[in-house]
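Engineer: One structure is given below, represented as structure tokens, and several questions about it will come after.
Nothing in this text is a laboratory measurement; each read-out follows from the coordinates by a stated rule. Keep in mind that this is a model prediction, so the values were computed, not measured. In this analysis, Cβ positions are derived from the backbone assuming ideal geometry, glycine residues included, and neighbour counts consider all displayed protein chains.
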Amino acid sequence: MAATFQWWGEYGATGAPSTADLGVSGNLFNFKTSNSLASAADYTSYPITAGNNSYDVWLKGHFTGTFNKIQNGKFYKSSGTLGTGETIKFIGAVTAYHTPVTGNSSYASADVDTSAPGSANVSFNSSLDGNITGVGYSDFIVTQLRTTTASEAGDTETFTFTLTYDEN
């Protein structure tokens, strides 16, 4: 048997967030100016204007099935090109959920990798060297799209995010 992976999203207020399994694809959410379901729906109702940021998006890797250990999580943007004045920030090692913000996220502060990093950048059980040994989740992966006033008008390109991991 093998582990089964899905993206997991949380949104809403600290203390009472809503949650959802988002599926397996790496492009199942949109950056937008709404603290709502991290889905591919309704982003046109909540556009990000040049010089502003999206709400940060709170994701986890959700693992089910039968496996011995999941470890060595690596998160990166595997496709999609940023436009002028756009950056995507992230962090892959947050253990507790906090209400998303549109200001510069104090969590998502590093540029997202554009290829698989050489070492783990997603934590399990509060450690980049951590693991899970049964059905469970990675720690939070927080992402945010930031723009400058030089950002181009219109939609951003579609991005695909990948989470690789070692299973044994």
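Engineer: Read through the list (1) surrounded by 18 or more Cβ atoms within 10 Å (Cβ to Cβ); (2) closer than 18 Å to S78 by Cβ, then give the number of the only condition that G130 fails.
Structural biologist: For G130, the failing item is (2).
Engineer: While we're here: Quick check on my filter: what residues within region 51-94 are of a type outside the set (A, V, I, L, M, F, W, C), free of Cβ contacts under 8 Å to residues at least 60 places away in the same chain and in contact with a Phe, Trp or Tyr (Cβ under 7 Å, 6 or more places away or on another chain)?
Structural biologist: G92
Engineer: List pairs: first in region 7-32 and free of Cβ contacts under 8 Å to residues at least 40 places away in the same chain, second of a type in the set (D, E), Cβ under 9 Å, 6+ apart or cross-chain?
Structural biologist: S18/E10; T19/E10; A20/E10; N30/D42; K32/D42
Engineer: Do you know which residues across region 40-66 are closer than 19 Å to A13 by Cα, aromatic (F, W, Y) and outside any loop (DSSP other than H, G, I, E, B)?
Structural biologist: W58
Engineer: When you look at Y55, is it more than 12 Å from the chain's Cα centre (by Cα) and aromatic (F, W, Y), yes or no? Even if it seems obvious, please write down each step before you answer.
Structural biologist: On the way: more than 12 Å from the chain's Cα centre (by Cα): no; aromatic (F, W, Y): yes.
Considered against the rule, which asks whether it is more than 12 Å from the chain's Cα centre (by Cα) and aromatic (F, W, Y), Y55 comes out as no.
Engineer: Got a sec? Which of S109, S105, S79, S36 is hydroxyl-bearing (S, T, Y), under 16 Å from L145 (Cβ atoms) and crowded, with 19+ Cβ neighbours inside 10 Å? Explain how you work it out, then say what you get.
Structural biologist: On the way: S109 fails: crowded, with 19+ Cβ neighbours inside 10 Å; S79 fails: crowded, with 19+ Cβ neighbours inside 10 Å; S36 fails: crowded, with 19+ Cβ neighbours inside 10 Å.
Criteria check complete, one pass: S105.
Engineer: Can we say S119 is polar (S, T, N, Q), crowded, with 20+ Cβ neighbours inside 10 Å, over 30 Å from E152 (Cα atoms) and out of contact with any helix residue (DSSP H, G or I) (no Cβ under 9 Å at 6 or more places or on another chain)? Spell out the reasoning first.
Structural biologist: On the way: polar (S, T, N, Q): yes; crowded, with 20+ Cβ neighbours inside 10 Å: no; over 30 Å from E152 (Cα atoms): yes; out of contact with any helix residue (DSSP H, G or I) (no Cβ under 9 Å at 6 or more places or on another chain): yes.
Criteria not met by S119.
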